[in-house]
């Protein structure tokens, strides 16, 4: 099908990074803001985030959590207390030192030297410590447990190299923080939230993921266990799409989160934390995008169906708009995927063909184009974004009757949601290589599969400490990292490819974002 | 009814400010965070905000706006460009000067002197200028207009004196920003959004408001017109609950927002902006609260109906819970006020009576208490929060059958929503004094009505410049401000009470938050 004239300039196969940037700009999702490392999220990008937020929030509330809001500023003292925290990831932070601007006498403004804060404040890179402080106030007795909180907020990490959605200095996320009576309760909850993430990623975002435990070296600083969901991008790299941490009593001790147990003595709580972010949108692009732009899974599409009248600035337009409005009402009155169908009748000025390609690039699941001839015939010209091209390299329009099209919409949206998941799952499964039995084989595999090599599942002996460090260094030389130990993997059968000792579990190794 | 033992210690009539603080703490809405001027919004307070946000967002989207997200940091240059802006309100701002923390060698952390930003960044006090920059990029032709954007975000203003929800250094808000072809379009839109605010305040929050235009001295810096909705608190003070500004081409010129008009020449856009914030929650407390705590209007109540089983840690509990769960399902299966009813079966450990008073203080609209005897009789003990006390000073329980109670719920929630609005509207109307015909009468009125004097509507000649300044000073001596020029007020009949010149309109003067 080399005669297809794709809607983007860059090709995934040629330059994945350039293609990624082009999708973001062609789908009008986000742009650079002019403020270092911060992006402007435009309506289509933010609309997708609002959908993710709504669906994820429903799942988080359904598991018993309440949302709270905590201050954006965190006192320095909280970071001093949590030295481990700081060393882990949070050295690069935005620090507020003044609370007033004054004129510099040369037409500019400067921070007022008389308005220096006694103690600088940090713009939150995470709310771990300030929520810990609150939990210490809120928890008194076992009756207050489990304490299940969540927050939707913006956070700031001063990143040196940024890439839209994947790594930005400011990003949007949710962070859940919970406190429990026992280690078992807290561990169960850690896995419950991992399952919430898996279900949201797979069922809502159509992102197939591998859920599993991170190795010791990839744990969140201070965590006892870190679990993740990992999604495979179309370039074969892994994207960590969500993490869930069992923190033992480490954070409870640092923040003084104690409760009186059923026997009347003071105990430290076992806590968990877990988060997902606007990074998920980067994953959606890199999993579902194609050479014509983005393809948005219907569940998270701000508009699922676009009706495009071919207006001609003539008197016939009125009848055409009425025909389209009737169709809009027929579709809007139905449900798909458990919600009212989100249908947009796009009346904006502009050529219908140009607008069609805008919606193709944005990835709206279904486009219904309607001109005078369609109206005469009582039909619509229907384009399914995930089946865009016919065999002869033309847009694969179908022309059902208007009533047929409306009636087909619930099943069609369901089918697109499923098709996007199935395509991604098939690609992922085809690109996980198993049976690599030695380090040499691993090296050969990545040497021979330069462009998009995918992931490799190997058996290992779960080394720890210095032995693990050597494994990490070995992998680093191949630009590889250990992603996780998949839940439900096959039993081990042989030796560790790194140490030669008997293997105890399987791990996924991959290049990663 | 002096024999009533109210659920709060403070009384509105005695000390309104202390009462306000007690409601926030007794209803478990928010607390001090330990970070200067920033609060922690707890589940019940944040749940109310989520409801407000959802209903307001639906109204904003229904008027054609898309949500976007803009960076939290704003370069100094933007404020330098907008000198008027800075003088207006934004001098006190949180200034980020460093991007790294390092150890000070004494166990503490300090901003790294080597990581000083070349240009300091300001934590947004509003996104006016950065959204202006984006609009300048996004608008090219008349076809791009109107451009209708909105943002939900946190903003920071370094307030010297803070009060929870009413004035905090960090607060949550929405800010709408739009660009239009003509002055008429922009002015119409300014009023359209004022009407959205009025409708949301009155129909969703049950807050009766007076919508009108602000006088020149109360305009947003740079605005051509500023409009507001003003709500009357139970202490007779006014709370500005939302503002909508017509900005002419002032902001378009500052940011370079230009479009090619239908004739092909370059024009500046006419812009608007408008905002509401978590301040609304302060208004809800001060309008609907009573000496037993908060009363939440059903439309914005996170839980509208609470089912409280009187558990006894005995084997009978199981049957009681089953009885309650059946009731919960009956209620949850119904709609009230256009949405599924939000009902909570509260199984938390604790005495039922103590839990009842917790929910009274939080202001859940309906409480259904169910003990063994209720179950035997097939009844429930029902308490309506807005009709809490019977004539003999006891909680005014009714005991309908379980099925009657469930069936009554939609009408009951509707009635509570209406009753809260009607009470507030009646109180407001009773406390707006008209017919004050001279400045002396105004002075006498406020001298004679010390505690909760309410508002006064007077006629004035709409002076401007220095003459207006004198009016403002005169009012300031009485601790009064001009709230607005009510839309739809009676025609004027006499002279301006300040200047003696013929009056041209009516204004509301009041003490205000």
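Bear in mind these aren't lab numbers, they're just calculated from the coordinates by the rules spelled out. Remember, it's a predicted structure, so these values are computed and weren't measured experimentally. Note that each Cβ is placed from the backbone with ideal geometry, even for glycine, and that neighbours are counted across all protein chains shown.
Ascending distances from the residue B:400 label point to its copies in the other chains, with the point 7 Å along the Cα-to-beta-carbon line: 4.5 nm. Across peptide A:151-163, the mean count of Cβ atoms from other chains lying within 10 Å of each residue's own Cβ comes to 2. Remark: mean inter-chain Cβ contacts per residue of A:35-46 equal 6, using a 10 Å Cβ-Cβ cutoff to other protein chain atoms. Shape of chain B from its Cα gyration tensor (a ≥ b ≥ c, root eigenvalues): rounded if a/c is under 1.5, otherwise prolate when a/b > b/c, or oblate? Prolate shape, in that a/c is at least 1.5 and a/b is the bigger ratio.
For a paramagnetic label modelled at 7 Å from the Cα of residue A:391 toward its Cβ, which residues of the range A:1-29 fall within the zone defined by backbone nitrogen distances under 13 Å? Inside the label zone: A:1. Across chain A, the mean sequence separation of Cα contacts (distance under 8 Å, 6 or more residues apart), normalised by length, yields a relative contact order of 15 percent. With its label point defined 7 Å out from Cα along the Cα-to-Cβ axis, residue A:430 lies at 7.6 nm from the matching points of the other copies, in increasing order. Residue exposure proxy: A:432, A:508, ordered by other Cβ atoms within 10 angstrom of their Cβ from fewest to most, comes out as A:432, A:508. As a rough guide to protection, the peptides A:67-80, A:257-270 ranked by mean Cβ packing within 10 Å, highest first, stand as A:67-80, A:257-270. Helix A:128-138 and the longest principal axis of the C-alpha atoms of chain A enclose an angle of approximately 70°.
Centre-to-centre separation between the Cα atoms of the range A:170-219 and those of the range B:465-502: 60 Å.
The range A:332-379 and the range B:371-438 have Cα centres lying 48 Å from one another. Peptide B:99-106 is shielded by partner chain Cβ atoms: per residue, an average of 5 of them sit within 10 Å of its Cβ.
The angle between the Cα long axis of helix B:352-362 and the main principal axis of chain B comes to about 20°, on a 0 to 90 degree scale. Among beta bridges from DSSP that stay inside the protein assembly as shown, the antiparallel ones total about 85%. Separation of the range A:224-274 from the range A:283-328 is 42 Å, based on Cα centroids. In nanometres and ascending order, the distances from the residue A:500 label point to those of the other copies are 10.9 (point 7 Å from Cα along Cα→Cβ). Once the C-beta distance of residue B:260 and residue B:495 is scaled by a Förster radius of 41 Å, the resulting FRET efficiency is 0.25 to the nearest 0.05. If the chain linking residue A:440 and residue A:467 were pulled fully straight, counting 0.36 nm for each residue of separation and taking away their Cα-Cα distance, it would gain 7.9 nm.
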